[in-house]
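Data block below; observations after.
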Amino acid sequence: MSDSSVATARAAVADTHAGLTIVLLALLLSIQPVTTDLYLPALPALTRDLSASVAAGQLTLSALLLAFGCSQLVWGPLSDRFGRRPVLLAGLAIYTVASLGSAFAPSMALLIAWRTAQGAAMGAVVMCARAIVRDLYSPLAGARAMSKALTGLGVVACVCAPLGGLLTVWLGWRAALLALTGYAVLTLALVALRMPETLAPPNPHALQPGVLLRTWGTVLRHPTFWAFSLLTTAAYGGLFTFLASSSFVFIEVLGLSRTQYGWVLLSTALAYFVGTFVCRMLLARHGLRRTVALAGALSLSGGTLMALAAWAGWHQPWALLAPFYLFMLGHGIHQPCGQSGAVGPFPQAAGVASALNGFMMMLAAFAIGGWVGAHLDGSIWPLVNGVWLWSVLLAATAWTLVQKFGEPRERP
């Protein structure tokens with residue numbers, strides 16, 4: 001495809017089909033909560049059914065996320081070299097096969113292997129979605145577009161949690177994993193039929209070792225990248241601590257049913273959904289740095305109030321959820337601002353910047369998964385202490401690094 005034809009495709013996507021672009025971006029970004037939230041209500045059941053330990057069950061999540069993060073380091077340069085569309089199609093095809101393998105895995109070892117493959121494929125999808133935002137929009141406009149796409153993600157997440165619980169109760173945990181295949185097939189068809197190439201032009205030298213090392217160096221030396229990447233990592237760290245521990249805490253410790261736990265996840269997704277709307281309002285009124293600072297206050301308030309409730313002896317579901325909603329409101333602001341801000345200075349290397357940003361988040365998630373699996377002790381404390389710690393780190397990043405380096409400037 002020539003530069004002019006790709007530019008025409010970009011204009012068509014950004015202008016004529018702006019609504020469709022947001023829908024497609026929402027579907028691509030939503031593959032992450034679909035892959036995690038829909039299966040979380042099934043996690044205790046599949047762990048028991050496969051006669052595995054709690055730590056092995058946690059590995060189905062943490063291994064997926066480690067593969068998700070590491071694979072982006074490969075997919076990012078590939079997308080800068082060949083374009084977003086072929087990488088998206090390859091990733092969705094591999095994801096579909098891995099989803100089928102996960103649903104019919106006869107042992108925990110094979111389930112972990114298929115989930116790892118699924119995570120690697122998911123890396124292509126989410127990384128390309130973030131890079132496409134940079135292909136089509138300036139940094140500030142990208143934050144607004146990302147918030148709209150993540151609003152769609154919030155809707156999907158709201159459906160996934162209760163659906164996973166219902167499927168597990170009615171049809172068993174394999175049905176919850178099989179549902180991922182249907183989502184992948186639908187998204188693959190839409191991308192194949194309606195998503196043109198957005199990168200103009202692809203970099204024919206992107207995969208050369210010298211060029212790749214220089215590109216990584218350019219991204220990693222940029223303070224704006226670090227400010228926003230640490231912001232998104234801290235925000236996702238708090239969320240993933242909740243996701244990795246909440247099924248055991250709410251079901252095994254606090255006595256909720258799987259269906260009730262699905263509604264717990266639904267309520268947190270609703271708070272995130274509202275946060276994405278608040279994000280757009282704050283961006284219009286206060287700009288990027290002030291918006292992130294205000295969200296830092298929400299995050300810290302949520303984590304601290306959760307810890308205070310636990311220390312006061314209020315070990316009930318509502319006492320943990322009410323303050324966590326504040327954290328999720330902040331999460332709905334931090335993620336669109338942080339993800340667009342991290343790639344903002346790099347219009348010619350958005351794939352690499354998106355990949356490195358995603359790798360940092362998933363490396364933290366893998367470490368959290370291992371820590372949670374080793375520290376689940378039949379109490380609420382691993383969840384509470386983890387969320388509080390990340391809320392402190394998140395607020396500190398929002399109030400210091402982002403304020404100093406948070407206005408992304410494009411490199412020529």
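The values are calculated or read from the model by the stated rules, or taken from the named source; none is laboratory data. Computed from a prediction, not measured in an experiment: that's the story for all the values here. Note that we place each Cβ from the backbone using ideal geometry, even for glycine, and neighbour counts take in every protein chain shown.
Within the stretch 49-68, can you find the residues that are at pLDDT 85 or above and either outside any loop (DSSP other than H, G, I, E, B) or within 20 Å of the chain's Cα centre (by Cα) (or both)?
Residues of the stretch 49-68 at pLDDT 85 or above: 49-50, 60, 63-64, 67-68.
Within the stretch 49-68, 49, 60, 63, 64, 67, 68 meet the criteria.
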| remark: Within the stretch 251-269, the residues that are crowded, with 18+ Cβ neighbours inside 10 Å and either within 15 Å of residue 330 (Cβ to Cβ) or among the aromatic types (Phe, Trp, Tyr) (or both) are 261, 268, 269
| said: Name the single residue that is nearest to residue 188 (Cα to Cα) among those in the stretch 101-160 being in contact with a Leu (Cβ under 9 Å, 6 or more places away or on another chain) and not in a helix (DSSP H, G or I). | reply: 104
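Collect the residues in the stretch 237-265 that are of a type in the set (Phe, Trp, Tyr) and farther than 15 Å from residue 385 by Cα, keeping them in residue-number order.
Within the stretch 237-265, the subset of a type in the set (Phe, Trp, Tyr) is 240, 242, 248, 250, 261, 263.
Those that are of a type in the set (Phe, Trp, Tyr) and farther than 15 Å from residue 385 by Cα: 248, 250, 261, 263.
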| query | For the stretch 217-240, does any single residue satisfy the condition of being assigned to a helix (DSSP H, G or I), surrounded by fewer than 18 Cβ atoms within 10 Å (Cβ to Cβ) and touching a Gly at 6+ places or on another chain (Cβ under 8 Å)? | reply | no
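Residue-wise test of (1) without any contact (Cβ under 8 Å) to a residue 12 or more places away in the chain; (2) of a type outside the set (S, T, N, Q).
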position: 279; (1), (2): no, yes
position: 298; (1), (2): no, yes
position: 301; (1), (2): no, no
position: 304; (1), (2): no, no
position: 312; (1), (2): yes, yes
position: 320; (1), (2): no, yes
position: 349; (1), (2): no, yes
position: 356; (1), (2): no, yes
position: 360; (1), (2): no, yes
| query | Which residue pairs have Cβ atoms closer than 7 Å, lie 6 or more positions apart in sequence or on different chains, and pair a first residue in the stretch 187-198 that is at pLDDT 85 or above with a second residue that is basic (Lys, Arg) and surrounded by fewer than 20 Cβ atoms within 10 Å (Cβ to Cβ)? | reply | 198/10
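When you scan the stretch 343-362, how many residues do you find that are of a type in the set (A, V, I, L, M, F, W, C), modelled with pLDDT of 85 or more and in contact with a Gly (Cβ under 9 Å, 6 or more places away or on another chain)?
Just the residues of the stretch 343-362 that are of a type in the set (A, V, I, L, M, F, W, C), to begin with: 343, 346, 349-350, 352-353, 355-356, 359-362.
Now drop any that are not modelled with pLDDT of 85 or more, which leaves 343, 346, 352-353, 355-356, 359-361.
Those left that are additionally in contact with a Gly (Cβ under 9 Å, 6 or more places away or on another chain): 343, 352-353, 355-356, 359-361.
Here the count works out to 8.
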